[in-house]
Amino acid sequence: MSTTPLRERPSWQALAAHHADIGGRHLRELFAEDPARGERLRAEAAGLYLDYSKNRVTDETMRLLFELARECEVEQRRDLMFSGAPINTSEHRSVLHVALRMPKGASLTVDGVDVVAQVHEVLDRMAAFAERIRSGEWRGHTGKPIRNIVNVGIGGSDLGPVMAYEALRHYTRRDLTFRFVSNVDATDFVEATHDLAADETLFVISSKTFGTLETLTNARSARDWVVGQLGDDAAVAKHFVAVSTNAERVAAFGIDTANMFGFWDWVGGRYSMDSAIGLSTMLAVGPDGFAEMLAGFHEMDEHFRTTPLERNLPALMGLLTVWYVNFFGVQSVGVMPYDQYLKRFPAYLQQLTMESNGKHVTRDGHPVDYDTGPVYWGEPGTNGQHSFYQLLHQGTRLIPVDLIGFGRSLNPLRDHHDLLTSNVFAQAQALAFGKTEEEVRAEGTADDVVPHRVMEGNRPSNTLLAERLTPRLLGALVALYEHSVFTQGTIWGIDSFDQWGVELGKVLASKIAPDLTGPADAALDYDSSTAALIRHYRALKG
Ligand code: F6P
């Protein structure tokens, strides 16, 4: 690994000089000079077609970005990840979510253990359990089959499951009800359970550590709710299962570890939707659907592992993000799925991208002197178009977007799908090419309105197209973003797999919580703002 600081490396310097040359060029010119650009600047893998021609790049930009990736040893680091090396240096852990989707029979030995065999052992147990629930063989405390499944978890133990459930709803058992509780705000639990009967409800308590305050608080309320309705502590055995890496804490909570599905510390929370954390997904779509999703993940993993950077979708997307963040000063990236089923996909990506790459020091602890992870956000199209797209088109900030569309709708109805998809293409076109003053005037626009109607354009986008949203495609799509995040983090030299920044808030909250119920006149050992807020809260509480 080069010890030269990132900004001093030859490829970085060449990119900076190149940006000074071409950063101001307009996509209109780039397309005019190279009419076949849209056919050339594209790549395909695992059912996903990526058109990246509407980015502010030339062939030279791409060549320099690939050089940067090679200088930062993206390929070597990728191979290290796939080999099980402990690349999560600040936590001294391997990063092996890719092992979660390796096919049965494959093998990967880490510290003398075949992790793929372990993975499939758990997958088989999950499948047997899912079949028992789905067939009605598993009975609740009063002898009724399970009709409702409530996943209790937060962060990676919630966002993946809820996103996948919504994304794959078309494939789910409609006679089963799925709910997801994450927030420690009791409203989340109360609203999720208010119309459910405890004797038909299974709680899946999902927590990698089984030490997360929100999840344990909600799990305790769930236990009270079940025991309260069924009048018997013994009901817990039939209505609770756990997904965790920590068997001791699961047992201490009172869940029989025979009803626990494990995973390993080499699976990061935000990379865990394809581990046992996906139990609710498997209950919803069945073991075969889950296996299909894993196959999609694996297909993208193999593409990332074996394809030259020049045609490698995650590498291309990751490098383009670096180009905008570090050379154009871009602060945020929008992800707009044109598929209602993907409505939670942007929220899922926020944890994946921002918890991974929101870092201020390099892996060896030196402060970075360049920007790292951008803010990711988004909403399903076309809703966003009628809300914040105005700023994308005419605001003063440059915000690259990923537009995700499909060839076929899972709910074909009249002409809805063509109308939806026409918007994918139209938005990419409008963002890139805009509307010139001459064009606006040629429409007979009044002079005073002309400046308001001019659209500068030159706003970059990627368009991702797939045939239709299937479990397999979802797996490939998630893996695409996982490896794009990896590519970005590797260039920036940061640890994309730790999340120390979330700790301080947790510690401070645990100090504050007891003081919220203390006597009104008790001395408060806080800064003056926090102390005043606590006093005011106590007064409001009454
Ligand atoms: O606080 C952040 C975090 O640690 C995430 O990384 C993780 O996904 C989430 O909390 C939940 O953690 P757990 O699965 O251990 O309950």
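The values are calculated or read from the model by the stated rules, or taken from the named source; none is laboratory data. Here the structure is a predicted model, which means the values were calculated and not measured. FYI the Cβ positions are ideal-geometry reconstructions off the backbone, even for glycines, and counts take in every protein chain you see. In case anyone asks, the SASA skips ligands and DNA or RNA and just uses the protein heavy atoms, side chains included. Shrake-Rupley method; radii C 1.70, N 1.55, O 1.52, S 1.80 Å.
Could you tell me which residue of the stretch 165-191 is farthest from residue 278 (Cα to Cα), considering only residues that are open to solvent by less than 30 Å² (accessible area, probe 1.4 Å) and aromatic (Phe, Trp, Tyr)? Once the filter is applied, the top-ranked residue is 189. Scoring residue 90 on the criteria (1) within 30 Å of residue 229 (Cβ to Cβ); (2) within 16 Å of the ligand (Cβ to nearest atom); (3) among the small types (Gly, Ala, Ser); (4) open to solvent by 40 Å² or more (accessible area, probe 1.4 Å) leaves a single failure, condition (1). Cβ-Cβ contacts under 7 Å between residues 6 or more apart (or on different chains), taken from a first residue in the stretch 501-514 that is under 23 Å from residue 91 (Cα atoms) to a second residue that is open to solvent by less than 80 Å² (accessible area, probe 1.4 Å), are listed as 501/358.
Check whether at least one residue in the stretch 70-81 is open to solvent by 40 Å² or more (accessible area, probe 1.4 Å) and more than 30 Å from residue 461 (Cα to Cα), and report yes or no. Yes; the residues of the stretch 70-81 include at least one that is open to solvent by 40 Å² or more (accessible area, probe 1.4 Å) and more than 30 Å from residue 461 (Cα to Cα). Restricting the first member to the stretch 221-232 and to residues that are within 11 Å of residue 150 (Cβ to Cβ), and the second to residues that are surrounded by 11 or more Cβ atoms within 10 Å (Cβ to Cβ) and of a type in the set (S, T, N, Q), the beta-carbon pairs closer than 8 Å and six or more apart or on different chains are 222/193; 225/193; 226/201. For residue 526, state whether it is in contact with a Leu (Cβ under 7 Å, 6 or more places away or on another chain) and either open to solvent by 50 Å² or more (accessible area, probe 1.4 Å) or hydroxyl-bearing (Ser, Thr, Tyr) (or both). No; evaluated as a whole, the condition is false for this residue. The single residue among 480, 474 that is of a type in the set (A, V, I, L, M), more than 16 Å from the ligand (Cβ to nearest atom), modelled with pLDDT of 95 or more and in contact with a Pro (Cβ under 6 Å, 6 or more places away or on another chain) turns out to be 480. Here residue 193 clears all of (1) under 14 Å from residue 140 (Cβ atoms); (2) more than 16 Å from the ligand (Cβ to nearest atom) except the condition numbered (1). Does residue 490 count as at pLDDT 95 or above and either more than 16 Å from the ligand (Cβ to nearest atom) or under 30 Å from residue 349 (Cα atoms) (or both)? Judged against the criteria, residue 490 is a match.
Among the residues of the stretch 527-536, is any aliphatic (A, V, I, L, M), touching a Phe, Trp or Tyr at 6+ places or on another chain (Cβ under 8 Å) and away from the ligand (no atom under 16 Å from the Cβ)? Yes, the stretch 527-536 contains at least one residue that is aliphatic (A, V, I, L, M), touching a Phe, Trp or Tyr at 6+ places or on another chain (Cβ under 8 Å) and away from the ligand (no atom under 16 Å from the Cβ). Restricting attention to the stretch 509-523 and to residues that are open to solvent by less than 60 Å² (accessible area, probe 1.4 Å) and assigned to a helix (DSSP H, G or I), the residue that is nearest to the ligand (Cβ to nearest atom) turns out to be 509.
Among the residues of the stretch 299-319, just one is farther than 19 Å from residue 462 by Cα and under 17 Å from the mean Cα position of the chain (by Cα), namely 301. For the stretch 301-351, the set of residues classified as of a type in the set (S, T, N, Q), within 16 Å of the ligand (Cβ to nearest atom) and open to solvent by 30 Å² or more (accessible area, probe 1.4 Å) consists of 350 only.
Where in the stretch 434-508 are the helices (runs of 4 or more DSSP H), entirely inside, with at least 2 residues that are aromatic (Phe, Trp, Tyr) and surrounded by fewer than 24 Cβ atoms within 10 Å (Cβ to Cβ)?
The qualifying helices (runs of 4 or more DSSP H) are 471-492.
Looking only at the stretch 428-460, residues that are touching an Asp or Glu at 6+ places or on another chain (Cβ under 7 Å) and under 27 Å from residue 57 (Cα atoms) come to 2 in all. Pairs are defined by a Cβ separation below 6 Å, a sequence spacing of at least 6 or placement on different chains, a first member in the stretch 134-162 that is touching a residue at least 12 places away in the same chain (Cβ under 8 Å) and within 10 Å of residue 206 (Cα to Cα), and a second member that is within 16 Å of the ligand (Cβ to nearest atom) and open to solvent by 40 Å² or more (accessible area, probe 1.4 Å); the pairs so defined are 154/214. Under the condition of being small (Gly, Ala, Ser) and in contact with a Pro (Cβ under 8 Å, 6 or more places away or on another chain), the residues counted in the stretch 308-332 number 1. A Cβ distance below 7 Å, combined with a sequence gap of six or more or placement on separate chains, defines the contacts here; from the stretch 26-45, residues that are in contact (Cβ under 8 Å) with a residue 12 or more places away in the chain reach residues that are assigned to a helix (DSSP H, G or I) and surrounded by fewer than 16 Cβ atoms within 10 Å (Cβ to Cβ) in the pairs 43/311. When you look at residue 220, is it within 13 Å of the ligand (Cβ to nearest atom), among the basic types (Lys, Arg) and over 22 Å from the mean Cα position of the chain (by Cα), yes or no? No: the conditions fail for residue 220. Residues in the stretch 352-374 that are in contact with a helix residue (DSSP H, G or I) (Cβ under 9 Å, 6 or more places away or on another chain), free of Cβ contacts under 8 Å to residues at least 40 places away in the same chain and either within 16 Å of the ligand (Cβ to nearest atom) or open to solvent by less than 50 Å² (accessible area, probe 1.4 Å) (or both): 365 alone.
So which residues in the stretch 9-43 are open to solvent by less than 40 Å² (accessible area, probe 1.4 Å), outside any loop (DSSP other than H, G, I, E, B) and over 11 Å from residue 58 (Cα atoms)? Of everything in the stretch 9-43, those that are open to solvent by less than 40 Å² (accessible area, probe 1.4 Å), outside any loop (DSSP other than H, G, I, E, B) and over 11 Å from residue 58 (Cα atoms) turn out to be 11, 12, 14, 15, 38, 43. The set of residues in the stretch 151-173 being part of a loop (DSSP other than H, G, I, E, B) and either within 16 Å of the ligand (Cβ to nearest atom) or closer than 25 Å to residue 214 by Cα (or both) consists of 153, 154, 158.
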